[in-house]
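Here is the structure we will look at, set down as C-alpha cells.
Values quoted throughout were computed directly from the atomic coordinates according to the rules given, and no laboratory measurement underlies them. These numbers come from a predicted model, not from an experiment. For neighbour counting, all protein chains shown are included, and Cβ atoms are generated from backbone atoms with ideal geometry for every residue, glycine included.
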Amino acid sequence: MPSIVLRVRLVNGDHLDVTYEESAAADEDEVVEHAVAALVDDAGLLRCRHGERVVVLYARGVAAMEVAPRGAVL
C-alpha cells in the first residue's frame with residue numbers, strides 16, 4: 001500500500017506532519033493526486049496517521065499541503 005508524508009499547514013498557521021496511505025493507488029503519484037482531490041471540496045477529508053494516532057483532516061481547515069520527498073519527522 002503506497003503511502004506519503006504530508007506537511008499540512010492549517011488555516012491558523014500551525015503545521016502538522018502526517019502519513020497518508022491509499023490502498024487503491026498503484027504508486028506515490030496517484031496517492032498525491034487522491035489527497036489533493038479529496039481536499040479540493042470544502043466537505044472533503046483525509047484520514048491520516050500522526051504517529052500512532054488516526055487524524056482526520058477537513059479541507060476547510062487546511063491552508064496548504066506539502067509532500068515530503070524523504071519524509072517529515074513524525
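Across all Cα pairs in region 3-68, the calculated P(r) in 5 Å bins from zero up to the longest distance comes to 4, 19, 31, 28, 15, 3, 1 percent per bin. With unit charges on the beta carbons (Lys and Arg positive, Asp and Glu negative) and the dipole taken about the Cα centre of region 1-42, which residue among Val31, His15, Met1 sits farthest to the positive side? Result: His15. Note on the chain: helix-only mean residue ellipticity at 222 nm, from DSSP H runs of 4+ residues weighted -39500 (n - 2.57) and normalised by residue number, equals -5500 deg cm²/dmol. Close amide H pairs (under 5 Å, H built 1.01 Å from N) link Met65 with Arg9, residues at least 5 positions away or on another chain. Charges were assigned to the Cβ only: +1 to each Lys and Arg, -1 to each Asp and Glu. The resulting dipole of the chain about its Cα centre is roughly 360 debye.
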